[in-house]
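Trainee: Here you go, one structure.
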Amino acid sequence: MNSNNKTIILAITGASGVQYGIRLLEQLLTHKHKVYLLVTRAAHVVISMETELSWPANNHELHDQLCKRYGVDDKQLKVCGESEWASPIASGSSSVDAMVVCPCSMGTLSSIAVGASANLLERAADVVLKERKNLILVPRETPFSDIHLENMLKLSRMGAVMLSANPGFYNKPQTVEDIVDFMVARVLDHLGVKQDLLPRWGE
């Protein structure tokens, strides 16, 4: 880890599109950034439905599995439980640079918008907002109701980035992985993290 490496909170919720979050995790770890990972119970259900992966619900087991898969240690990856209130990311004194909720369910977005802080994910987002750090939400829903739009506008006015999962097709994607990489590249750009998944427009 050097001065160019960031500390990122990555939350994966139960919205469809967990592939975005999983690919983002891979990219952050591959490029040596430190990650605090939060996976909601609903996300575990969606992961089992949408992917061939088998992520254990036990956080210690998941941590060990992911560390082995990506060749990292517990200094680089921390898997946190939703009730882990003693986690550093529950406090504004933490060294976190940014937080991404990818994908972000409308329920999670709503809870963040009203400052519910009913679990560690919501508290971490609240901390990132109050400390004026980078909060990126990747909503994966359509169509949006007035409630969804009002919550997104409220959070945008607080400084959060609404990076809706709307992949472009000007790069002529050939696979689902290409479509996923388009969105992950956009998230990495907004994190200020170097990426080579997608060339910039005109390059």
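Trainee: Hey, got the dipole for the range 7-191? About the Cα centre, +1 on K and R Cβ, -1 on D and E Cβ, debye to the nearest 20?
Mentor: With Lys and Arg at +1 and Asp and Glu at -1, about 420 debye.
Trainee: Per the Kirkwood formula on distinct C-alpha pairs, the Rh of the chain is how many angstrom?
Mentor: Hydrodynamic radius (Kirkwood, Cα only) of the chain equals 17.1 Å.
Trainee: Using amide H atoms built 1.01 Å from N in the peptide plane, name the residues 5+ places from residue 79, or on other chains, whose amide H lies under 5 Å from its own.
Mentor: Answer set, sorted by chain and number: 37.
Trainee: For the range 1-63 and the range 129-203, write down the distance between their C-alpha centroids in whole Å.
Mentor: 16
Trainee: Further question on the same structure: Hey, which of these cross-link pairs are over 25 Å Cα-Cα: 34/154; 172/194; 6/78; 75/194; 75/154; 68/172?
Mentor: Table pairs above 25 Å Cα-Cα are 34/154; 75/154; 68/172.
Trainee: Within the chain, what's the longest run with no chymotrypsin sites (Phe, Trp or Tyr not before Pro) in a DSSP loop and at most 14 other beta-carbon atoms within 10 Å? Give the range, please.
Mentor: Free of exposed loop sites, the longest segment is 1-84.
Trainee: Which trypsin sites (Lys or Arg not before Pro) in the range 164-203 pass both tests, a DSSP loop state and at most 14 other beta-carbon atoms within 10 Å?
Mentor: 194, 200
Trainee: Hey, got a sec? Which trypsin sites (Lys or Arg not before Pro) in the range 96-146 land in a DSSP loop and have at most 12 other Cβ atoms within 10 Å?
Mentor: Hits after loop and neighbour filter: 132.
Trainee: Suppose only helical runs count, i.e. DSSP H with n ≥ 4. What mean residue ellipticity at 222 nm does that imply for the chain under -39500 (n - 2.57) per run, divided by all residues and rounded to the nearest 500 deg cm²/dmol?
Mentor: That comes out to -12500 deg cm²/dmol.
Trainee: Under 10 Å, Cα contacts only: if you run a Gaussian network model on the chain, which one of 73, 97, 146 comes out with the highest mean-square fluctuation?
Mentor: 146
Trainee: For the range 101-182, with equal point scatterers placed on the C-alpha atoms only and solvent neglected, what are the log10 I(q)/I(0) values from the Debye formula at q = 0.10, 0.12, 0.17, 0.20 1/Å, to two decimals?
Mentor: Values returned for q = 0.10, 0.12, 0.17, 0.20 Å⁻¹ are -0.27, -0.38, -0.69, -0.87.
Every number here is computed from the coordinates shown, using simple stated rules; none is lab data. Since this is a predicted model, take the numbers as computed values, not measurements. Don't worry about glycine lacking a Cβ; one is built from the backbone with ideal geometry, like all the others, and counts go over all protein chains shown.
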